[in-house]
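The values are calculated or read from the model by the stated rules, or taken from the named source; none is laboratory data. This is a predicted model, so every value here is computed, not measured. Here Cβ is always computed from backbone atoms with ideal geometry, including for glycine, and neighbour counts include all displayed protein chains. Keep in mind that these areas ignore ligands, DNA and RNA; they rest on the heavy atoms of the full protein, side chains included. Shrake-Rupley method; radii C 1.70, N 1.55, O 1.52, S 1.80 Å.
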Amino acid sequence: MIKVKNLHKYYGEVHLFKGINFDIERGEVIVFIGPSGSGKSTFLRCINGLEYFQEGEIAVNNIGLHSINRLRPSKEDMETIRKIRLRVGVVFQQFNLFPHMTVLENIIEAPTRVLNIDSDKAVEDALSLLKRINIEKKAQSYPDELSGGEQQRVAIARALAMKPEAMLFDEPTSSLDPEMVGEVLAVIKNLVSEGMTTLIATHEMDFAREIADKVVVFDHGDIVEVGAPEDIFTNPKKERTKIFLNRILKR
Amino acid sequence: MKKILRILSLLTVLIIILYWTVPSKSDISPIEKIKKRGYLLWGSDAEGGAPYVFPDPKNPSKLIGFEVDLANAIARELGVEARQSQNAWDSLLPALKRGDFDIAMNGIEITAQREAEVLFSMPYYIYTEQLVVRKNDTQIKNINDLKGKKVGTLSGAVAQDILMKIGGVDVKVYSGQVEPYEDLAIGRLDAVLLDLPIAAYYAKPNPKLKYTGHPVGEGFYGIAIKKENKEFKNKIDEIFIKLLKSGELKKIYKKWDMWDKTQENLFQQIKTSEGFVSLQESKKAPLYTFFPNLLKGAGITILISVSSMALAITLGLILTVLRIYGRTPLSSVAAAYIEIYRGTPLLIQLYILYYGLPNIGISLNPLTAAFIGLGMNYAAYESELYRAGINAVPKGQMEAALSLGMSQSLAVKRIIMPQAIRIAFPGITNDFIALFKDSSLVSVIAMVELTKTYSILAATTLRFFELGLIVAFLYFAMSYPLSLLARRLEEKLMGHKR
Ligand SMILES: Nc1ncnc2c1ncn2[C@@H]1O[C@H](COP(=O)(O)OP(=O)(O)OP(=O)(O)O)[C@@H](O)[C@H]1O
Ligand SMILES: [Mg+2]
């Protein structure tokens with residue numbers, strides 16, 4: 001469903017991705033791990049066009065996104081990127097809820113304004129989403145009246161309201177207090193169990209092991225190793241994977 | 001797309017307003033034009049004061065003065081009415097040249113320099129310069145005693161040249177004719193040299209001051225007419241000769257206590273008349289007689305501030321969006337606009353707009369020029385406030401909006417701007433109050449708002465103190481509710497976010 005071909009990405013002079021190839025099937029759950037600064041976030045951001053790349057091709061559902069060498073993409077490129085974004089939901093580490101809107105308004109904003117869904121219908125859908133994540137009582141609250149865990153769950157609901165075919169999570173629990181990590185992971189697990197194609201960058205190794213179909217190890221912009229969770233965590237083949245896991249599991 | 005449409009429609013409205021206010025040019029002769037119009041438009045500065053043109057202390061919305069009488073007589077001879085057009089004295093000739101009025105008549109001395117710019121009618125008054133000193137002064141007997149003394153006069157007046165020629169005189173130049181005498185009375189000056197009619201009105205009744213020496217110099221006041229209107233000048237001269245022969249001119253001068261031997265050179269007959277309003281009288285008029293004028297000035301101040309702030313807020317928003325999100329040529333144009341408008345004085349911008357644009361065929365009326373001038377200037381500042389607001393919105397907000405499939409323009413409109421405006425709001429209300437007070441600057445382009453009304457009235461009556469307090473109170477009474485309202489709105493906006 002998502003095909004990445006020969007992806008090259010530069011940050012100024014720094015050549016981060018030197019030709020990444022990677023395919024994701026519909027319904028797959030891929031977890032990206034690796035040291036800080038290895039390129040996990042950048043990879044996810046390239047897929048939905050929040051970062052431009054200089055060489056290669058990314059296709060989501062056969063909508064092809066080509067390399068963009070200019071400072072600003074052309075109008076047509078922008079439209080292509082937008083089409084991809086409509087199919088891929090994103091959840092950020094910092095939640096990024098809209099602070100001037102209530103929870104409900106956050107959720108119905110894009111469905112009503114982008115998909116032109118009638119607002120009664122959008123509200124109805126939003127409330128049932130909120131019910132699924134157990135915070136329908138907070139529909140009329142503003143984001144800063146919510147706990148971090150609640151905010152992240154609302155952010156997930158907001159992305160789901162656009163009925164995406166795949167979801168990208170970039171360290172969804174990294175800025176949460178430990179006692180709230182569980183409730184967010186539970187929502188993601190639930191989503192995965194319904195068959196959502198899911199890409200997650202995370203430092204939660206237990207969670208990765210439990211949920212992933214495939215684990216992808218990044219280091220210095222390279223994909224070092226790809227494998228089933230048991231293989232990666234118990235029997236890694238590559239030296240760089242071993243070093244990384246040793247360091248992180250000791251902590 | 002919607003945004004572009006909105007911008008376009010706004011521009012269209014602006015252009016329509018512009019066209020509306022550009023007077024149509026035609027080739028018919030000035031006399032025919034005046035007759036068709038039904039009134040003669042004459043330019044002068046009521047702030048210059050008595051006895052030339054000034055508000056009647058008994059009824060300040062009416063102008064009186066010997067030049068008002070003259071204008072009425074000329075208009076009558078042309079078969080029309082006379083209407084005064086208020087203009088700063090310094091810029092009477094530029095305004096005449098751009099066609100703001102048919103003639104300029106306001107104690108304008110005929111000089112070679114001015115004759116190079118405009119036509120003058122035959123002289124309508126022979127003025128001399130009168131030296132005035134404090135009553136107890138015994139040193140200064142005539143202008144030859146002025147070396148090393150502080151002497152006040154008017155900027156651009158012939159008296160200034162005379163003083164300069166003496167040499168060694170510390171010449172203090174004023175822009176109004178009241179202030180030199182005030183400063184002389186309290187000892188800031190040693191003497192004042194000004195046209196006799198001015199001295200007659202302002203110095204003669206003042207118990208602290210006296211005339212000294214004989215009048216010096218001799219020159220002529222003339223009516224200024226556009227260079228190309230030779231035929232019109234001849235007509236005005238014809239009318240003058242008629243008024244002269246009938247004795248009407250002399251009657252007018254008598255009425256204003258301006259008749260002296262010198263005038264014999266121009267006229268022969270002498271008759272008397274009544275109706276002269278003395279300074280003493282205007283000093284005693286009850287304050288309420290000035291209220292209608294002051295309130296009208298306040299109304300104009302409000303009109304100008306509110307309309308130009310509305311322009312500033314909208315134009316500022318457009319500039320910001322173009323600057324931050326626009327593609328190269330547009331964003332550079334917006335950035336240049338902002339830097340130029342912030343980097344040059346508002347006063348210069350107003351001058352260019354009002355006196356400069358006519359050179360390339362665009363002539364705005366004062367109200368439009370004030371609205372556009374203030375609005376365009378403040379737009380640059382509002383734009384910077386919006387930009388600071390936008391920069392204060394976390395980057396993640398735009399990313400979240402885009403990743404939900406919103407277009408950039410929708411994201412700006414729905415997600416970024418509402419947050420940015422909340423952040424910029426206190427600065428914007430602050431600017432509104434500043435603009436409100438800055439609106440007094442537009443008096444330089446012949447807009448008679450509250451401050452200008454004050455200076456005209458105060459110059460005629462010398463009641464700077466009482467009128468000043470009233471005007472200050474009026475400003476406060478307008479700006480204070482405004483800042484209360486702004487605070488209320490601010491709380492409401494913030495309440496929504498918290
Ligand atoms: N906007 C940027 N400009 C320049 N360099 C950047 C930018 N964003 C990321 N980088 C660099 O690219 C590399 C990959 O960063 P990225 O954020 O993708 O890593 P990551 O694997 O997500 O790390 P973390 O686990 O800390 O989130 C890092 O070296 C980082 O410094
Ligand atoms: Mg990251």
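Return the residue satisfying two criteria in turn: it lies in region A:39-58 and is in a loop (DSSP other than H, G, I, E, B) and more than 12 Å from A:Leu7 (Cβ to Cβ), and of such residues it is farthest from ligand 2 (Cβ to nearest atom). Outline the logic, then answer.
First, pick out the residues of region A:39-58 that are in a loop (DSSP other than H, G, I, E, B): A:39, A:48-54.
Now narrow it down to the ones that are more than 12 Å from A:Leu7 (Cβ to Cβ): A:48-50.
Details: A:Asn48: 14, A:Gly49: 17, A:Leu50: 12 Å.
Applying the filter and picking the extreme gives A:Gly49.
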Those residues of region B:388-410 which are more than 7 Å from every other protein chain (Cβ to nearest Cβ), surrounded by fewer than 20 Cβ atoms within 10 Å (Cβ to Cβ) and touching a helix residue (DSSP H, G or I) at 6+ places or on another chain (Cβ under 7 Å), in sequence order:
B:Ala388, B:Ala392, B:Val393, B:Met398, B:Gln408, B:Ser409
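Do any helices (runs of 4 or more DSSP H) lying entirely in region B:327-430 carry at least 2 residues that are within 28 Å of A:Phe98 (Cα to Cα), and which ones are they?
Numbers: elements: B:328-343, B:346-351, B:366-392, B:395-403, B:408-411.
Correct list: B:366-392, B:395-403, B:408-411.
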Any residue at all in region A:84-103 that's within 12 Å of ligand 1 (Cβ to nearest atom), open to solvent by less than 70 Å² (accessible area, probe 1.4 Å) and among the β-branched types (Val, Ile, Thr)?
no
When the residues of region A:136-192 are filtered to those that are basic (Lys, Arg) and in contact (Cβ under 8 Å) with a residue 12 or more places away in the chain, which remaining residue is farthest from A:Ala110 (Cα to Cα)?
A:Lys189
On the basis of being more than 14 Å from chain A (Cβ to nearest Cβ), at pLDDT below 90 and open to solvent by 20 Å² or more (accessible area, probe 1.4 Å), does B:Arg498 make the cut?
no
Do the conditions hold for A:Ser41, that is, is it under 25 Å from A:Phe233 (Cβ atoms), within 7 Å of ligand 1 (Cβ to nearest atom) and away from chain B (no Cβ under 14 Å)?
no
Just name the residue that is most open to solvent (accessible area, probe 1.4 Å) out of those in region A:44-61 that are out of contact with any Lys or Arg (no Cβ under 7 Å at 6 or more places or on another chain) and either within 12 Å of ligand 1 (Cβ to nearest atom) or within 14 Å of another protein chain (Cβ to nearest Cβ) (or both).
A:Tyr52
Which residues, taken from region A:203-244, are out of contact with any helix residue (DSSP H, G or I) (no Cβ under 6 Å at 6 or more places or on another chain), on the phi < 0 side of the Ramachandran plot and within 15 Å of ligand 1 (Cβ to nearest atom)?
A:His203, A:Glu204, A:Met205, A:Ala208, A:Val216, A:Asp222, A:Ile223, A:Arg240, A:Thr241, A:Phe244
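Going by what's in this entry, would B:Val444 be described as modelled with pLDDT under 85 and in a helix (DSSP H, G or I)? Spell out how you get there, then give the answer.
Values: modelled with pLDDT under 85: yes; in a helix (DSSP H, G or I): yes.
For B:Val444, the condition - modelled with pLDDT under 85 and in a helix (DSSP H, G or I) - is met.
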Just a yes or no: is a residue in region A:115-128 under 22 Å from the mean Cα position of the chain (by Cα), hydrophobic (A, V, I, L, M, F, W, C) and within 16 Å of ligand 2 (Cβ to nearest atom)?
no
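Does region A:228-244 include one or more residues that are part of a loop (DSSP other than H, G, I, E, B) and within 16 Å of ligand 2 (Cβ to nearest atom)?
No: zero hits.
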Given the criterion hydrophobic (A, V, I, L, M, F, W, C), open to solvent by less than 20 Å² (accessible area, probe 1.4 Å) and either out of contact with any Pro (no Cβ under 9 Å at 6 or more places or on another chain) or in a strand (DSSP E or B) (or both), identify the matching residue among B:Leu41, B:Leu92, B:Leu63.
B:Leu92
Every residue from region A:22-38 that is open to solvent by 10 Å² or more (accessible area, probe 1.4 Å) and either within 9 Å of ligand 2 (Cβ to nearest atom) or free of Cβ contacts under 8 Å to residues at least 24 places away in the same chain (or both)
A:Asp23, A:Ser36, A:Gly37
